[in-house]
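Each remark here refers to the structure printed beneath this line.
Read-outs throughout are calculated quantities, based only on the coordinates presented, and are distinct from any laboratory measurement. Since the structure is predicted, the reported quantities are computational estimates derived from the model, not experimental observations. Reconstructed Cβ throughout: ideal geometry from the backbone, glycine too, with neighbour counts over all protein chains shown.
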């Protein structure tokens, strides 16, 4: 049998294998569900945005993944995402950027926090996240709320990172970690090193310049001033 007779069979086998592989891949992958009107995945419009959703993992004050978080998607209202893009575009020429820890938060996640706060036997993450605050007081002291601005879709928790240089992706030293419940996380905490104070001021200044308002207890927390859903709390999953 010469080469002309063999080639069609070889190509046919190859196409069959490729087709089967494609079917397997298609079965294993599915597009994320569509978002409600007015919401977007911020990474689709904010260049080089880094996302580390803490509540998708156990690296948070509850010590475990939180209900309602199923995929690492930074979901925001279209208006909040557009404002965040403006922040990022101001930072990029300096080699800086944004890393998001939380964005839209389903109401079911807030309900999860409430249930968690009443389980006083579960104190596994206390030393890391709330060493000097009683677990039962986290809501009363304003670190947690039964209705969160995050559930309206225009609140974001974030920090600054280095995007260029010797340590790309390194977070700026803000003086306390994300979701640390204590005086150290207040935006104007006095006992900070000069560099830490400067980092917080830079983040707050650039966020305010593009329409976000800070929260006094948490240096990482910002809400869009002109949010499109000021009275609506959503509960679709992050997926």
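Observations on the structure shown:
- Net length gained if the chain between residue 120 and residue 166 were fully extended (0.36 nm per residue, minus Cα distance): 12.2 nm
- Applying 0.36 nm per residue to the separation of residue 216 and residue 187 and subtracting their alpha-carbon distance, the gain on full extension is 9.9 nm.
- Helix 78-91 and the longest principal axis of the C-alpha atoms of the chain enclose an angle of approximately 80°.
- Percentage relative contact order, the chain, counting C-alpha pairs under 8 Å, at least six apart: 22 percent
- Ranked by the mean number of other Cβ atoms within 10 Å of their residues, highest first, the peptides 84-90, 110-116 fall in the order 84-90, 110-116.
- Using a Förster distance of 22 Å, the FRET efficiency for residue 239-residue 147 (Cβ separation, nearest 0.05): 0.50
- Theoretical FRET efficiency, 1/(1+(r/R0)^6), r = Cβ-Cβ of residue 137 and residue 108, R0 25 Å, to 0.05: 0.60
- The chain: angle of helix 3-28 to the longest principal axis, Cα-based, in degrees nearest 10: 20 degrees
- Ordering of 117-130, 203-216, 180-193 by packing [mean C-beta count within 10 Å, highest first]: 203-216, 180-193, 117-130
- Theoretical gain in end-to-end length, residue 92 to residue 48 [0.36 nm per residue, Cα-Cα removed]: 15.0 nm
- Taking the longest Cα principal axis of the chain as reference, the axis of helix 107-118 is set at about 50 degrees.
- If you plug the beta carbon distance of residue 128 and residue 197 into 1/(1 + (r/R0)^6) with R0 = 22 Å, you get a FRET efficiency near 0.40.
- Considering all different alpha carbon pairs of the chain, the Kirkwood hydrodynamic radius works out to 19.9 Å.
- Dividing the summed -39500 (n - 2.57) terms of all DSSP H runs of n ≥ 4 by the residue count of the chain sets its mean residue ellipticity at 222 nm at -10000 deg cm²/dmol.
- Within a Gaussian network of the chain (alpha carbon springs, distance under 10 Å), most fluctuating of 108, 132, 48: 132
- Measuring nothing but how far apart in sequence close Cα pairs (under 8 Å, 6+ apart) lie, relative to its length, segment 56-132 scores a relative contact order of 44 percent.
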